[in-house]
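Just so it is clear, none of the values below were taken in a lab; they were calculated from the coordinates. Since the model is a prediction, treat every value here as computed from it, not as a measurement. Every residue, glycine as well, gets a Cβ built from its backbone with ideal geometry; the counts of neighbours run over all protein chains shown.
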Amino acid sequence: MGFEMPKVPEGNGEHPVSLVVISANNLAASGEFYSRLFGWQLQPMSASLTGVVAPAGPIGALRSNIPDGFPAMVPYVRVSDVEAMLDRVVTAGGTIEQAPWSLPGVGKLARFKDPSGTIYGLTDAVSPGGLPRIPMPVGPNPKPPAGAICHLEMHAADGAAAARFFGELFGWGTLPTMPQYMAFDTGAGVAGIFQSHTPTTPALAYVYTTDVDAKLAEIEAAGGKRTGGPMRMPGFGCFGYFKDPSDTSMGLIGP
């Protein structure tokens, strides 16, 4: 009998994660690293920002000039009105991390902290072609192309509180899966999980690979560092962890 994934209720799809911004203080080295190892297409946007198109998943960006203590990754939630949603976030117990600003060629953005202090973004940018659903690529779930941004892991001190916060604001579906884990499904694009065990890693993006062992070896050869794995869960999947040339923590998922 194969592994049976718990069925996470689908979100309403109205507020997916449409943009993922990865910290990259060594912008040139990180760009070359992700392009060569994962097939990401790069588009320089400014001296501190490079746009990213991965083989699947949300649009991405590499951002330099990151202050100490800033998370490795910030997911931006798609909304139609950034200011109005930011007001709702504050009313629900969040705080403003950066007030709205406009980015030419992208749209309006803002950042907030949820009640746990984890940083998220809001954006009115629309992903070209929409955002096909990418369930967590484990067990019998369909697998995305190699190099896809395929899963997000976010810290939440209280999983039930996070489920209420993101469910009420964004219509995300949630389900407790294991102790200290609460899975979430936005209804479109990439899904993820809230974890309550490691506040020192508030945000982690995972990239899909067909061979975690081989990819970790490639990462080390290209100037990255493995930080964990491969960790195999029979019938579920394989996980690996690494730091890129900017010392940014990332994850791998494979079969």
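Which value in deg cm²/dmol, rounded to the nearest 500, describes the helix-derived mean residue ellipticity at 222 nm for the chain, given -39,500 (n - 2.57) per DSSP H run of n ≥ 4 and division by the residue count?
It lands at -5000 deg cm²/dmol.
Note down the relative contact order for the stretch 1-127 as a percent, whole number, built from C-alpha pairs under 8 angstrom at least six residues apart.
This gives 24 percent for the stretch 1-127.
Under a straight-distance cross-link criterion of Cα-Cα below 20 Å, which aspartates and glutamates are reachable from residue 108, leaving out those fewer than 8 residues away in the same chain?
Those aspartates and glutamates meeting the cut-off are 14, 81, 83, 87, 97, 124.
Out of residues 5 or more away from residue 194 or on other chains, whose amide H comes under 5 Å of its own, with H placed 1.01 Å from N in the peptide plane?
Placed amide hydrogens put 154, 182, 183, 184 under 5 Å from residue 194.
If you plug each phi of the stretch 100-111 into the Karplus form 6.51 cos²θ - 1.76 cosθ + 1.60 with θ = phi - 60°, what whole-Hz ³J(HN,Hα) values come out, in order, with x for Gly and Pro?
3J(HN,Hα) across the stretch 100-111, in whole Hz: x, 9, 10, 10, x, x, 10, x, 9, 9, 7, 10.
Of 91, 39, 54, which is farthest along the charge dipole of the stretch 1-114 in the positive direction, counting Lys and Arg as +1 and Asp and Glu as -1 at C-beta?
Value: 39.
Excluding same-chain residues fewer than 8 positions from residue 243, which aspartates and glutamates have a Cα within less than 18 Å of its Cα?
Partners found: 32, 68, 153, 211, 213, 218, 220.
For the stretch 132-148, in order, what is each residue's ³J(HN,Hα) by Karplus, 6.51 cos²θ - 1.76 cosθ + 1.60 with θ = phi - 60°, in whole Hz (x at glycine and Pro)?
x, 5, 10, x, 3, x, 10, x, x, 4, x, 9, x, x, 4, x, 6
What order do you get for 101, 172, 40 when you list them from fewest to most C-beta neighbours inside 10 Å?
Going from sparsest to densest Cβ surroundings: 101, 40, 172.
Tally the DSSP beta bridges in the chain and give the antiparallel ones as a percent, rounded to 5.
75 percent
Quote the Stokes-Einstein diffusion coefficient, in whole µm² s⁻¹, for the chain, based on the Kirkwood radius over alpha carbon pairs, a temperature of 4 °C and a viscosity of 1.567 mPa s.
My calculation gives 71 µm²/s for D.
Excluding same-chain residues fewer than 8 positions from residue 143, which lysines have a Cα within less than 22 Å of its Cα?
List returned: 7, 215.
About its Cα centre, how strong a charge dipole does the stretch 156-255 have in debye, to the nearest 20, once Lys and Arg get +1 and Asp and Glu get -1 at the Cβ?
Rounded to the nearest 20 debye, it is 120 debye.
Quick one: putting +1 on the C-beta of Lys and Arg, -1 on the C-beta of Asp and Glu, what dipole do you get for the stretch 91-221 around its Cα centre, in Debye to the nearest 20?
300 debye
R0 = 35 Å: FRET efficiency of residue 180 with residue 214, Cβ-based, nearest 0.05?
The computed FRET efficiency comes out at 0.70.
Amide H of residue 139: which non-local residues (sequence gap of 5 or more, or other chain) have their own amide H closer than 5 Å, using H built in the peptide plane?
Those qualifying (amide H under 5 Å, at least 5 residues apart or on another chain) are 236, 237.
Tell me the label-point distance for the pair residue 81, residue 233, using the 7 Å Cα-to-Cβ offset, in nm and rounded to one decimal.
4.0 nm
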